[in-house]
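The values are calculated or read from the model by the stated rules, or taken from the named source; none is laboratory data. Just so it is clear, the model here is predicted, and its values are computed rather than measured. Neighbour counts are summed over all protein chains in view; Cβ atoms, including those assigned to glycine, are modelled from backbone coordinates with ideal geometry.
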Amino acid sequence: MFKLLKRKSFRFDIRHQNGFTSIAIICFIFLYTPIFTMMVYAFNQGDSIALWEGFSLRWFVSAWGNEQVKDSALRSLIVAIFASGISTTVATMAAIATTRTKSFRGQNIVYAIINQPLMVPEIVTGVALLIFFALVKTVTGYAGLGFLILAHTAFCIPFAYLPIRARLEGMDLILETAAADLYATPWKTFRLVTFPLLFPGIIAGAMLAFVISLDNVVITELVKSAGQDTLPTYMLGQLRRAITPEINAISTVLLAITVVILTLFYLLNRKSE
Amino acid sequence: MRPDNTTNHEVGLPISEVIKTASKKQEQRRWLLLSPALILLLLAASGPLLIVLVYSFLTPGDYSGVIWELSLDGWIQVIWQRDIFTGSIALSDAHLRILLRSIKLSFLTTILTLIMGFPTAYFIATRSKKRRSLWLFLITIPFWTNLLIRTFAIMEVVRNEGILNALLLALNVIDQPIQILYTDFAILAGMLYVFLPLMVLPIYSSMERFDFNLVEAGYDLYATRWRTMRRIILPIIRPGIVAGSILVFVPSLGAYVTPRILGGGKSMMLGNLIELQFGQGNNWPLGASLSFFLLALTMIFLLLYVRLTSKSAKSHV
Amino acid sequence: MKQQRSEIAIRIEDITKIYGEGRGKVIALQDVSIDIPENEFFTLLGPSGCGKTTLLRLIAGFEHPTKGKIHLYGKDITAYPPYKRKVNTVFQNYALFPHMTVAENIAFGLEMLGKPKKETDETVNEMLTLVKMEDLKNRQISQISGGQQQRVALARALAPKPRVLLLDEPLSALDQKLRKEMQIELKRLQSETGITFVFVTHDQEEALTMSNRIAVLNSGKVLQIGTPREIYKQPSERFVADFIGETNFLKAEILGCANGVASLTLPSGKTVETNVQKGFSPEGTVNIVIRPEHATVVEDPAESLLQGRLINAVYFGTDMRYHIELESGETFTVRIQNNPDDKTSTQFLGTEVCIGLHKNAVQILKD
């Protein structure tokens, strides 16, 4: 005790700021209490999301058995796989075209277009797509999943583009010069040197695009045709009705998936460093 | 990548020609690589915005959609309303209230996230290298968690039967549950919750590069803690604070999911008002005008941000 | 004697600094005691990781000792935060505030002390003149060169008129030429201002040329404190002898020791006498050092104290270095100044040579 007091009396920590640590701790508590509460009630035996009646997995079972949940989850997955696959491919090409070159004509417009989904409020993009797709639907009569996939793909492009571009910029040009010096053709240089080095960035971009697509609510809600619910829009619809812990159960599973993907992403990043 | 000089030399082209064709080839290759992304984005992001602009000048259709007749009503109705009987124009209370609420809540959200986010970013940046990535990871989890799930989690907290009311009851602050859900306060709590990581992350990235030798120099030159903070730390990490504020303010202004769930249709924000015009409201031109209005507001703040950061960047050079 | 005339500026009393706890614990400083008198250019010299920077940071108040006290002009400042200590630091990377101009940087400390505007301006101008930076007053920090930044850092630290100035390897980022200039500049500033300088460096040459006194540190301990001459000529320990300048290490047998003079037998069997420090009476087998320039090649075998075979001769411009393999197998270096009509000595390679020693060339180490 005496030692503690004594130490404190002449301890001057350069980095310390009064109250900052407390605020930070409050901040973390604030961030995690609601999520934890939600997760806890996913395991509630009773029908309430407020009254604890004992542990049970019944809501996970019930969510698993719910045709609508399965249907919308499957749709979410299909859209996310297509959207992340296509957006990552085109974003990789775009990143190669725009990185490590001298500035070119139309450069600013290209960047503005690529980053547009990040700058324009989502609701505005959603409304724009709603109007545009309504026109296309009346003209062509097609009302399939293609619209959702197209909307998600465009929206995901900047999210895939940024990590790939960052990776490319961090790469040493000398490696490619060396490959060229050792008689590799441009295509071989790309295949054997650039691509393998770029790969972690591509994976990161694809993962981000996948999560972004999976999580999207606003655009999906506005663009989807009847009967085209994804998991988030299904949940949004359910919130209008009486809430049961089934929603908590679905949320918990989605949260778990997010954490797993993030952990993978984190480990991948650390390894590539 | 490298212009293939040898073959061209054999053909006997002058070197300037070789370089010219090579750079032309490179130019072609660039646009070839860019085109798929650009086509997709023009088709499903940028292009449709122009259609919205066109629609904002049309007349609403009877059930949905538009009639192709020029009209300024959509734009007028953004903040005015036309009396159905007399046709006179007056300021629209409802729309003004929603507009003011959107701006007020966005400002409050920005300030509150800053008050909580700055110390948190500072806290993370001053941990040891190993610990830092863990704390950062704890910020990124909520950041990447589905917005809907996070809003839903807050909703469970502020419900009448939620833990906030339960806590207040247990502490005898109140004797019966108070209505928090579907109020402005609920929306504010939700937006604070949802956007907090967006404030922490950019400030942290400024803070991370901050050289604490400067703080030592400040103390060495007789500055107290507060003065070191105000004169040295804050000016240097200002770009991070500005970036965080914009990243919070802009999406707050266009928020849709959070006010929809926590405001429950009673407390609307601009995003909900826009969506309403394409649903029950059935006034697509008004919705289109409101969308462009929101877009314009957003762009003003983004431009302000660019101005602010480039100014601070200049003062560093 | 000197200490009594001038006041003690900094008294470091039995300082120990330990980082971490348990298995990860690192002892940065152990039982360090140093007195630094007023108006002295005092240098902390040692290899990286020896604790010299830690000691400086303890004086500045950026860190706090695990044990021990620090006094500034007789006042215990151990518990004071850095902003209450009348000492200033010149940082290794200068730590100039990037968002302020040259003048604003220099004025910072004065402003913090609440000096009136007029006085601050005057002092800033005075400092700018002192470091010859008048023309760059309103430049941004990123617009001036490394050498200029160095001068601004000095001016900023000197502006509040500290009682002690701490310099943490301030010249290490400069190139050779600038460095030599700044060494002279620092000496000038110290004598002009009369402020006590505590200077940290790992460069032995820098330490020898600039300091009034030097403390040699290794692994958190002070090995020797003395004037540059004492440190160079009478190193007390093997580490000091090795770290500062070139030297030859040999073993010798002590025959006897009386009145500050010891007589000892060299590996060649010859006997020499040498001065030893007061209160030090070595016995038995000891380590000795002989500086290369304190030895010479002699022609008369009668003057020879060591013998060996010449294995290499290296031309250094100002002098020659002869590497001689002794009969005991060790290599001994002799350094002889060149004169205008010297010739190549390679013709003697492989021949037997005799080595003579100057008076008191042999130093007996304590370890």
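Filter the range A:230-248 down to the residues that are among the hydrophobic types (A, V, I, L, M, F, W, C) and over 14 Å from residue B:146 (Cβ atoms) and list them by number.
The answer is A:242, A:243.
For (1) of a type outside the set (S, T, N, Q); (2) at positive phi; (3) more than 32 Å from the chain's Cα centre (by Cα); (4) modelled with pLDDT of 90 or more, each residue gets a yes or a no:
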{"site": "B:13", "(1), (2), (3), (4)": "yes, no, yes, no"}
{"site": "B:18", "(1), (2), (3), (4)": "yes, no, yes, no"}
{"site": "B:36", "(1), (2), (3), (4)": "yes, no, no, yes"}
{"site": "B:76", "(1), (2), (3), (4)": "yes, no, no, no"}
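Check whether at least one residue in the range C:161-181 is surrounded by 19 or more Cβ atoms within 10 Å (Cβ to Cβ) and either assigned to a helix (DSSP H, G or I) or among the hydroxyl-bearing types (Ser, Thr, Tyr) (or both), and report yes or no.
No, every residue in the range C:161-181 fails to be surrounded by 19 or more Cβ atoms within 10 Å (Cβ to Cβ) and either assigned to a helix (DSSP H, G or I) or among the hydroxyl-bearing types (Ser, Thr, Tyr) (or both).
Scan the range B:140-150 and tell me whether some residue there is of a type in the set (D, E, K, R) and surrounded by 14 or more Cβ atoms within 10 Å (Cβ to Cβ).
yes
Mind listing just one residue for me: the one in the range B:34-72 that is without any contact (Cβ under 8 Å) to a residue 12 or more places away in the chain and assigned to a loop (DSSP other than H, G, I, E, B) and, of those, nearest to the other protein chains (Cβ to nearest Cβ)?
B:68
Taking the stated definitions as given, is residue A:101 in a helix (DSSP H, G or I) and either in contact with a helix residue (DSSP H, G or I) (Cβ under 9 Å, 6 or more places away or on another chain) or among the aromatic types (Phe, Trp, Tyr) (or both)?
So residue A:101 fails the test.
Check whether at least one residue in the range C:241-251 is farther than 22 Å from residue C:335 by Cα and either out of contact with any strand residue (DSSP E or B) (no Cβ under 8 Å at 6 or more places or on another chain) or among the hydroxyl-bearing types (Ser, Thr, Tyr) (or both), and report yes or no.
Within the range C:241-251, none of the residues are farther than 22 Å from residue C:335 by Cα and either out of contact with any strand residue (DSSP E or B) (no Cβ under 8 Å at 6 or more places or on another chain) or among the hydroxyl-bearing types (Ser, Thr, Tyr) (or both).
Could you list, in sequence order, all residues of the range B:229-240 that are in contact with a helix residue (DSSP H, G or I) (Cβ under 6 Å, 6 or more places away or on another chain) and either touching a residue at least 60 places away in the same chain (Cβ under 8 Å) or more than 8 Å from every other protein chain (Cβ to nearest Cβ) (or both)?
Residues satisfying the conditions are B:237, B:238, B:239, B:240.
Tell me whether the range A:67-87 contains one or more residues that are acidic (Asp, Glu), surrounded by fewer than 21 Cβ atoms within 10 Å (Cβ to Cβ) and more than 13 Å from every other protein chain (Cβ to nearest Cβ).
Taking every residue of the range A:67-87 in turn, at least one turns out to be acidic (Asp, Glu), surrounded by fewer than 21 Cβ atoms within 10 Å (Cβ to Cβ) and more than 13 Å from every other protein chain (Cβ to nearest Cβ).
Would you call residue C:264 hydrophobic (A, V, I, L, M, F, W, C), in a helix (DSSP H, G or I), modelled with pLDDT of 90 or more and in contact with a Leu (Cβ under 8 Å, 6 or more places away or on another chain)?
So residue C:264 fails the test.
Against the conditions (1) closer than 24 Å to residue C:216 by Cβ; (2) part of a loop (DSSP other than H, G, I, E, B); (3) touching a Gly at 6+ places or on another chain (Cβ under 9 Å), where does residue C:48 fall short? Just the number, please.
The single condition residue C:48 does not satisfy is (3).
Restricting to the range B:260-307, give me the number of residues that are buried (at least 17 other Cβ atoms within 10 Å of the Cβ) and either under 21 Å from residue B:100 (Cα atoms) or more than 10 Å from chain A (Cβ to nearest Cβ) (or both).
31
Go through the range B:211-227 residue by residue and tally those that are of a type outside the set (Asp, Glu), at the interface with chain C (Cβ under 7 Å from one of its Cβ atoms) and either part of a loop (DSSP other than H, G, I, E, B) or crowded, with 23+ Cβ neighbours inside 10 Å (or both).
Total meeting the criteria: 6.
Could you please give the count of residues in the range A:107-118 that are within 9 Å of another protein chain (Cβ to nearest Cβ) and either farther than 20 Å from residue B:298 by Cβ or in contact with a Pro (Cβ under 9 Å, 6 or more places away or on another chain) (or both)?
The number of residues fulfilling the criteria is 4.
Just to be sure, is residue B:156 charged (D, E, K, R), assigned to a loop (DSSP other than H, G, I, E, B) and assigned by TED's automatic domain parsing to the domain that holds residue B:291?
no
Being buried (at least 23 other Cβ atoms within 10 Å of the Cβ), in the same structural domain as residue C:68 (by TED's automatic domain parsing) and touching a residue at least 40 places away in the same chain (Cβ under 8 Å), is that true of even one residue in the range C:124-134?
No: the range C:124-134 contains no residue that is buried (at least 23 other Cβ atoms within 10 Å of the Cβ), in the same structural domain as residue C:68 (by TED's automatic domain parsing) and touching a residue at least 40 places away in the same chain (Cβ under 8 Å).
In this structure, is residue A:142 of a type in the set (Phe, Trp, Tyr) and within 11 Å of another protein chain (Cβ to nearest Cβ)?
no
Looking at the range A:126-136, can you tell me whether even one residue there is part of a helix (DSSP H, G or I), loosely packed, with under 15 Cβ neighbours inside 10 Å and either basic (Lys, Arg) or facing chain B (nearest Cβ under 9 Å) (or both)?
yes
Filtering the range B:88-131 down to residues that are closer than 24 Å to residue B:293 by Cα and not in a helix (DSSP H, G or I), which residue is farthest from the chain's Cα centre (by Cα)?
The residue in question is B:88.
Residues checked against (1) surrounded by 16 or more Cβ atoms within 10 Å (Cβ to Cβ); (2) aliphatic (A, V, I, L, M); (3) not assigned by TED's automatic domain parsing to the domain that holds residue B:274:
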{"site": "B:17", "(1), (2), (3)": "no, no, yes"}
{"site": "B:28", "(1), (2), (3)": "no, no, yes"}
{"site": "B:31", "(1), (2), (3)": "no, no, yes"}
{"site": "B:34", "(1), (2), (3)": "yes, yes, yes"}
{"site": "B:41", "(1), (2), (3)": "yes, yes, yes"}
{"site": "B:62", "(1), (2), (3)": "no, no, yes"}
{"site": "B:67", "(1), (2), (3)": "no, yes, yes"}
{"site": "B:73", "(1), (2), (3)": "yes, no, yes"}
{"site": "B:86", "(1), (2), (3)": "no, no, yes"}
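Considering only the range A:176-187, I want to know if a residue exists there that is crowded, with 21+ Cβ neighbours inside 10 Å, part of a helix (DSSP H, G or I) and among the hydroxyl-bearing types (Ser, Thr, Tyr).
The answer is no; no qualifying residue exists.
Of all residues in the range B:159-174 being part of a helix (DSSP H, G or I) and surrounded by 15 or more Cβ atoms within 10 Å (Cβ to Cβ), which is nearest to the other protein chains (Cβ to nearest Cβ)?
Across the range B:159-174, the extreme among qualifying residues is B:163.
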